[in-house]
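The values are calculated or read from the model by the stated rules, or taken from the named source; none is laboratory data. This structure is a prediction, so every number in the text was calculated from the model and none was measured. Positions of Cβ are generated from backbone atoms using ideal geometry, with glycine treated the same way; all protein chains shown enter the neighbour counts.
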Amino acid sequence: MAEQKLVTITIDGKAYQVPAGENLVDAARNHADNQIPVFCYHPKMAPVGMCRMCLVEMGTPERDPNTREIVHDEDGNVKVRWMPKLQTACTQTVSDGMYIRTTTDQVADARNNVLEFLLTSHPLDCPVCDKGGECALQDLTMAHGPGKTRMVFSEKMHLDKIVPLGDLIVLDEERCIQCARCIRFQDEIVGDDVLAFHERGRTLRIITKSDPGFDTYFSGNTTDICPVGALTTVDFRFGARPWEMTSVPSIDPWDAAGSNISLDMRLDRDFGGRAMIKRVMPRQNEWVNEIWISDKVRFGHHFTRAEERICAPLLRNNGNLNEVSWTEALDTVAGVLKAANGDIGLIVGSGASNEDLWALRQVVNGLGSERLGAWPVTHTGGELIAQVGVGKGTNLGKLGKGDVVLIVASDIEEEVPIWRLRIKQAHDRGAAVIVANARKTRMDDFASHTFRYEAGKAAHWLADLKKSAPEAAEAVKSAANLIILTGAEGLTLEGHAALMQAAANLLIETGHVGKPNNGLLSTFPGANGVGQYYLGYTPEQSVAMAAKPPKVLLVAQADMLADDPSVAAWLDKVETIISFSMLPDGITAKFAKVVLPIQSFAERDGTFTNGERRVQRFYTAQGPMGWSLPLWQIANRLGEKLGQGKAKLSAAAVMKEIAASVPAFEGMDYRALSKVEKQYPDVGGASDSYYYSGTACKNTGGLGVVIPTAADKGETVKAGEVKLPAVPKAGKGEFVIIPSTRLYNREAQFKLSTVVHPRVMVPFAEINSADAAKLGITSGDVVQISANGGSVRVRANVNGGAPEGSVVLPRHLTDEPVPMAITVGQVSKV
Amino acid sequence: MNTLQEKYADRIETTLAKYPDKRSAVMALLYIAQEEYGWVSPEGIQDVAEVCDMDPTQVKSIAGFYTMYSERPKGRFWLQVCTDLPCALKGAEKFHHDLKEYLGVDEGGTSEDGMFTVEHVMCLAACDKAPLLQCNFHNYEHLDMEKMKVLLDQWRAEVNAQVNKS
Amino acid sequence: MSLNIIFREKDIPNIREFDVYSKNGGYEALKKALSQTRKQVIDEVKASNLRGRGGAGFPTGVKWSFIPQDNPINYVVVNADESETGTFKDRQIMENNPHQMIEGALICAYAIKAAAVYIYLRGEFWDVAHALDAEIARARKAGLFGPNGKLKDADGNPFKVDIFTHLGAGAYICGEETALLNSIEGKLGQPRVRPPFPANKGGGLYNEPTVVNNVETLANVPWIINNGAEEYKKIGVGSSSGTKIFCLSGHVKNPGNYELPFGVTFRQLLYDYGGGPLNGGEFKAILPSGGSGPILRVTDEVLDTPLTYDDLRKFNSILGSASVIVMDDTVDIVWVASKVTKFFKHESCGKCTPCREGTYWLDKVLDRILAGGGKESDVDLIMSVAKNMQPTTLCAFGEFAANPTIWTINVFPEEFKAWVDGSKKPAEEKAVARPARERVAAAAAPAGD
Ligand SMILES: Cc1cc2nc3c(=O)[nH]c(=O)nc-3n(C[C@H](O)[C@H](O)[C@H](O)COP(=O)(O)O)c2cc1C
Ligand code: SF4
Ligand code: FES
């Protein structure tokens, strides 16, 4: 980046050097430790100057009209021409020679007056308000406000106190101070302007008229940035007072973004007097999620304390699972493993931490097996990520004019919503966003160019970009920075491998590797899809096991039967299955000989490696459910039983071993991972909450450490051969089935989120109108879709979303599994 | 194609042609919706949103900001009496009061026969012709209750004639 | 004394019609302007001292000169929102001599290299707008402008600027130029933060540099181009050149619009033209600039003051849009304050805190006083609330809204005293008007949907 230009501004008589172009409120805070109070201003959004809280005196040096020299008074001080009226600091960009006064009576009066005005119609709800304790209005009133109100009327203006804006967010119209932050968030940050003001003057209030109501994947963020308690989530409303809670740093357990979050814990009667998650808040990490999280993270935590959790080891006897002691369970497993003679396979889901992956691997390797399968079998190409993944220092929040983001085969909003949010912002800053997919996705709305290719042919399209999309090829070639983001939608595993290779080649050929904001990204499933690769697990191994099932299979944190109808057949051929599971699933119900209860991310510590290869720590927040244990620990104890050495005492110790053994993790330890540094905008902690008013939690748990790529380390990276796979072809009477991802689905864990559950779509499939006409299907009809040995019944959605000859079938909406990857099947009207 | 697009195609097209941006047509379209539905109904909001390529929330927001869009059903004749200062100096407040009493309605209310809605409004920029009112956006000036009664009868008769015809 | 630069219908009947206007020298000024360079046109307007008639009195030529001529798209917006209490001149211009305003707007469009002209009419001008549309269509058809424009400018380029009307829908704030621009863009009619100003890139209509001028302002332009700046300056006094239309309303025998040269006195206006007090009473107070300007107590000194931008300053008042509301001695000034405050409360857009809350608060206390429940401290309270609003609001509306309170208390303190010391009591029954849309819980009507 170019050297930042500095300008000199004078605040309260003292000169400061500040970066040119910075907002005055930010500059004063960052460089002069002068906290100009604000309500409507938010550093992530364009200023609007509405609340008038940030008024300051502003002036410029007087200049001699003839010489243009700055005029000085007798004492040699610069003579300042102060503007007659106060100016809002939030709408000013610093400029050289700017003079500001923030401590004069005039300014103090203005602050006092604006607060008094705000309080004229604000209800005295503080004792029962969720925001009490982290409310900007409360804090600023203490600091700058009137002692008591002069607005004494028997009736204040009364407005509605409980207005559900959607299923998740509730508005208290009386508390709203009309700062429009929520409206602007939806408009500017999300790009979905479903909130607005209604009427005017004192009756101005927030409405939504979209159908369904306030319905976005990011709605919860409005409750964070609302400076008062006007917006609350149904999940947290009246749940706890901010000061009663303890913030525990954690990581989004759902997707590859690895959003930094805070689990706000409180001892709770509903949970037997133990600490439970009262709310999930974003934790600022400008590299990763800034200060935003998706509603899935915010509202999806209920499974951590669900009654359904498996709380003790279970052993199958006469077909029934019975509770047993850990000793008995582990002895049984150890016995089974020893008897297998090394014919052992291990399949681990993408939600297991690095420590889990490592510890389990030790057990299996120790018994002479190398069969480490990653689950689900959708994304691959980890080795290419290791070579040319996005360069160290990448920050999607810095992409802008001249840069290109090329998204292929992904429905990014559904797969990694935070990336969608940040790339949309990049688009607004001028980056060219190119979206290619076999069908229309939401990201098309924020794209500079969109391209379609035949389903399954993403790699074909990209490998031959010059022919298939010359404009895209040109844009890519001339991009200042280029990120290629791949998904696996509409692809087989081979198809994704080829796409990854084509993407890597393009990056290498155009020189966009080994630099920040350049390189390859992929929407690996789960929180640790990339970690799986680094610790030796591959989906190809899972495929190999399906072809030649092992005698004993360990399945950890993978609800395999829910992921593809073809799985049941090969699991049937496995002699003994051992399950490591949090919740009952198909495997525990039908297949497992032993079920070992594992802890959720909230009950233990560990690390995940996100899609950008950032290794990040999450911390223990909640006590264990029953006798469950962290997965790594179970593995360690098992190892002990098998004579592989003593169990480790902590996850930190496991990480030490990883660091010593796996080059990618070299030098990493829990201390390094927990390092933080000052971030801009500086959200600050609770004491500073009035600045951005409880926007997000301060980052206390660590910003994480990024694994460098080969290109980062200066190693030569070479383009490889793209093995274009055959594309599933539908025969007569057949359809190509394109499985898609929905953020809200009925996967076992997410299903337990009581607040979001009603918002999960009824199972549906998108069918092309031409096909629908042929089959006599209209929207809403129930259709049966059969493929990979299974079949599901879903509602047809005839909307032109699916390419002709195919159906787009969202995964995990039904109780029956739908195919994991693109395939061929039958569709019929029921 | 929604109702507005079907019934008012020409007017919508002329309106859209005025501006470089569809959103600019929202105000004119809200008038059309009001004309079609008698008020700015949810259907009207939806229709306008589709034409202007806006979220219905934004359309509703516009409808709520301006006083000439009625967000609830009203009588056939929307009588808006100016009672602002210059008119008030000329007895407009009394006129407004008497009119409401004559029709038996409260402020903003509609007469029992569904015919007249009475509302006071701010300055109509015809202060030299006080008292005056606007009925369905047309001005009637230099009024008093006697003239008013004649007008009311006349309007009622017009509607009845129409009803009888159909 | 009267000289009809704008109200030419008084001399030429039916000049509102395109044919009549054309036959009487109509659109000659446009042709003349087109034969000159843009700079010449702007310089002429500058030299004439023409100042904005929308209220602020900003020099029109100077405003035009701010527009970057190298920008590919600029706009002219005619402010026909005319919503200030007691203002009704633009209506008469548009009803009776619309082409002169159109011609003025086109001259401006040429001078600033505009791509189009939008005329923003308040929604209540429904009929005016439709008549105007018809006249615009006639002139457009005659090839004076628009896609088939036949005129050529000094460089030989065809003059194809087009004119469109845009109807508002009931919002005083849309007279404020940035709120007006938002309104045309289909957004909420709330003022924008400045800078950027409308004349700057990023600040005008659709982000393009834009001139916003009042109807009356532009209606002066053809005369200036035809007769020259020097002739124009001969009318009026000092820096207040030309004629001004005074909207006279309230307790006078002959309310109406009077086009008179600047410098005419209140006495002349009220007596010679207005015909004196309506019911034979005494004049007591004048609001010289509608609801938004400070009130004047009628004295000989005031009556003999020449009406110019500068002369009213000595009474801490302004000429503004020259909407002169006259009140006789039957009027209760506290009632006036309350009346005008209700207007502002009703019209506050709600965007900024001090105005949104302040107007609501002022209205409440004034109501309390007028209900007989006021205390002496209430007068200090509203004074202080009003004064706290003025330096803190986002746009000038907030200043306007505080004026009725501040200046009625300053100028007529005894009237407030009478209310709060109990010597004045509310009448038994009084039809106190309530804004139609007030949404107080007690009166909450069921929402429509
Ligand atoms: C609250 C407010 C209301 C206004 N209303 C009007 C109006 O109705 N008509 C008008 O011409 N100018 C109005 N103005 C002034 C305009 O903002 C702007 O200054 C004017 O249109 C410029 O034109 P001029 O230079 O020709 O006067 C208003 C200003 C404010 C602050
Ligand atoms: S709800 Fe909150 S964020 Fe939205 S405008 Fe009101 S105070 Fe601001
Ligand atoms: S006006 Fe500056 S923070 Fe609200």
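Residue check: is B:SER61 hydroxyl-bearing (Ser, Thr, Tyr) and in the same structural domain as B:GLY38 (by TED's automatic domain parsing)? So B:SER61 fits the description; yes.
Just one of the numbered conditions (1) small (Gly, Ala, Ser); (2) away from ligand 2 (no atom under 16 Å from the Cβ); (3) within 17 Å of A:LEU86 (Cα to Cα) is not true of A:GLY49: (2).
Is there a residue being of a type in the set (D, E, K, R), outside the structural domain of A:GLN644 (by TED's automatic domain parsing) and either touching a His at 6+ places or on another chain (Cβ under 9 Å) or surrounded by 21 or more Cβ atoms within 10 Å (Cβ to Cβ) (or both) anywhere in region A:306-323? Yes, region A:306-323 contains at least one residue that is of a type in the set (D, E, K, R), outside the structural domain of A:GLN644 (by TED's automatic domain parsing) and either touching a His at 6+ places or on another chain (Cβ under 9 Å) or surrounded by 21 or more Cβ atoms within 10 Å (Cβ to Cβ) (or both). Taking the conditions (1) within 21 Å of A:ARG52 (Cα to Cα); (2) surrounded by 24 or more Cβ atoms within 10 Å (Cβ to Cβ); (3) away from chain A (no Cβ under 11 Å) in turn, C:PHE343 satisfies each one other than (1). Among the residues of region A:83-99, some residue qualifies, meaning at least one is of a type in the set (A, V, I, L, M, F, W, C) and exposed (fewer than 14 other Cβ atoms within 10 Å of the Cβ).
Please find, among C:ASP378, C:ASP421, C:ASP363, C:ASP367, the residue that is under 24 Å from C:SER317 (Cβ atoms) and more than 9 Å from chain A (Cβ to nearest Cβ). Spell out the reasoning first.
Details: C:ASP378 fails: under 24 Å from C:SER317 (Cβ atoms); C:ASP421 fails: under 24 Å from C:SER317 (Cβ atoms); C:ASP367 fails: under 24 Å from C:SER317 (Cβ atoms).
Selected residue: C:ASP363, the only one of C:ASP378, C:ASP421, C:ASP363, C:ASP367 that is under 24 Å from C:SER317 (Cβ atoms) and more than 9 Å from chain A (Cβ to nearest Cβ).
Sub-7 Å Cβ pairs linking a first residue in region A:27-40 that is part of a helix (DSSP H, G or I) to a second residue that is of a type in the set (D, E, K, R) and within 16 Å of ligand 2 (Cβ to nearest atom), at least 6 apart or interchain, number zero.
When each of A:ARG429, A:ARG420 is tested for being of a type outside the set (Ser, Thr, Tyr) and over 25 Å from A:GLY529 (Cα atoms), the lone residue that passes is A:ARG429. Under the condition of being of a type in the set (Asp, Glu) and modelled with pLDDT under 95, which residue from region C:299-328 is surrounded by the most Cβ atoms within 10 Å (Cβ to Cβ)? So the residue we want is C:ASP311. Checking B:ASP55, B:ASP98 one by one, the residue that is among the charged types (D, E, K, R) and either within 30 Å of C:ASP332 (Cβ to Cβ) or outside the structural domain of B:ASP21 (by TED's automatic domain parsing) (or both) is B:ASP98 and no other.
Listed here are the residues, each with its yes/no results for (1) in contact with a Ser or Thr (Cβ under 9 Å, 6 or more places away or on another chain); (2) within 16 Å of ligand 2 (Cβ to nearest atom); (3) of a type in the set (S, T, N, Q).
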| site | (1), (2), (3) |
| --- | --- |
| C:SER35 | no, no, yes |
| C:ILE42 | yes, no, no |
| C:LYS46 | yes, no, no |
| C:ASP70 | no, no, no |
| C:GLY86 | yes, no, no |
| C:ASN96 | no, no, yes |
| C:ARG122 | yes, no, no |
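If you check C:GLY54 against the conditions, is it within 16 Å of ligand 1 (Cβ to nearest atom) and within 14 Å of chain B (Cβ to nearest Cβ)? Judged against the criteria, C:GLY54 is a match. Of everything listed in (1) within 14 Å of chain B (Cβ to nearest Cβ); (2) under 30 Å from C:THR305 (Cα atoms); (3) within 14 Å of ligand 1 (Cβ to nearest atom), the single unmet condition for C:PHE246 is (3).
A:MET45 passes every criterion in (1) surrounded by fewer than 19 Cβ atoms within 10 Å (Cβ to Cβ); (2) more than 14 Å from chain C (Cβ to nearest Cβ); (3) not β-branched (Val, Ile, Thr) apart from (2). Exactly one residue out of A:GLU494, A:GLU540 is in a helix (DSSP H, G or I), acidic (Asp, Glu) and within 22 Å of A:TRP358 (Cα to Cα), and it is A:GLU540.
Restricting region C:182-218 to residues that are within 10 Å of ligand 1 (Cβ to nearest atom) and in a helix (DSSP H, G or I), the residue that is nearest to C:ALA29 (Cα to Cα) is C:LEU218. For region C:207-229, the condition of being more than 30 Å from C:ALA114 (Cα to Cα), touching a strand residue (DSSP E or B) at 6+ places or on another chain (Cβ under 9 Å) and either away from ligand 2 (no atom under 16 Å from the Cβ) or of a type in the set (S, T, N, Q) (or both) holds for none of the residues.
The set of residues in region B:16-43 being at the interface with chain C (Cβ under 9 Å from one of its Cβ atoms) and not in a helix (DSSP H, G or I) consists of B:TYR19, B:PRO20, B:ASP21, B:TRP39, B:VAL40, B:SER41. Charged (D, E, K, R) and within 15 Å of the chain's Cα centre (by Cα) - does that describe any residue in region B:88-98? No.
What are the residues in region C:210-247 that are of a type in the set (A, V, I, L, M) and at pLDDT 95 or above, if any?
The answer is C:VAL211, C:VAL212, C:VAL215, C:LEU218, C:ALA219, C:VAL221, C:ILE224, C:ILE225, C:ALA229, C:ILE235, C:ILE245.
A search for C-beta distances below 6 Å between a residue of region B:115-129 that is farther than 9 Å from B:ASP84 by Cα and more than 7 Å from every other protein chain (Cβ to nearest Cβ) and any residue that is of a type in the set (Ser, Thr, Tyr) and part of a strand (DSSP E or B), counting only pairs 6+ apart in sequence or on different chains, returns B:THR117/B:THR110.
Out of all the residues in region B:76-126, which are closer than 15 Å to B:MET148 by Cα and surrounded by fewer than 19 Cβ atoms within 10 Å (Cβ to Cβ)? Passing the criteria: B:GLY91, B:LYS94, B:ASP98, B:GLU101, B:TYR102, B:GLY104, B:MET115.
Please tell me if A:PRO565 is touching a Gly at 6+ places or on another chain (Cβ under 7 Å), in a loop (DSSP other than H, G, I, E, B) and surrounded by fewer than 24 Cβ atoms within 10 Å (Cβ to Cβ). Taking the combined requirement at face value, the residue satisfies it. Tallying residues that are more than 13 Å from ligand 2 (Cβ to nearest atom) and in contact with a Leu (Cβ under 9 Å, 6 or more places away or on another chain) within region A:157-171 yields 2.
Could you go through region B:93-105 and let me know if any residue there is within 11 Å of chain C (Cβ to nearest Cβ), over 30 Å from C:ILE286 (Cβ atoms) and modelled with pLDDT of 95 or more.
Of region B:93-105, the ones within 11 Å of chain C (Cβ to nearest Cβ) are B:93-101.
Now restrict to residues that are over 30 Å from C:ILE286 (Cβ atoms): B:100-101.
When the remaining residues are screened for being modelled with pLDDT of 95 or more, the result is B:100-101.
Yes, the conditions are met somewhere in region B:93-105.
Determine whether region C:32-47 contains at least one residue that is in a loop (DSSP other than H, G, I, E, B) and over 15 Å from C:ALA154 (Cα atoms). Looking through region C:32-47, none of the residues is in a loop (DSSP other than H, G, I, E, B) and over 15 Å from C:ALA154 (Cα atoms). For region A:186-205, the condition of being on the phi < 0 side of the Ramachandran plot, aliphatic (A, V, I, L, M) and more than 14 Å from chain B (Cβ to nearest Cβ) holds for at least one residue. The set of residues from region A:172-194 being in a loop (DSSP other than H, G, I, E, B), of a type in the set (D, E, K, R) and more than 9 Å from ligand 2 (Cβ to nearest atom) comprises A:GLU174, A:ASP192, A:ASP193. Residue check: A:ALA558 meets all listed conditions (1) more than 26 Å from A:ASP572 (Cα to Cα); (2) in contact (Cβ under 8 Å) with a residue 60 or more places away in the chain; (3) part of a loop (DSSP other than H, G, I, E, B) but one, namely (1).
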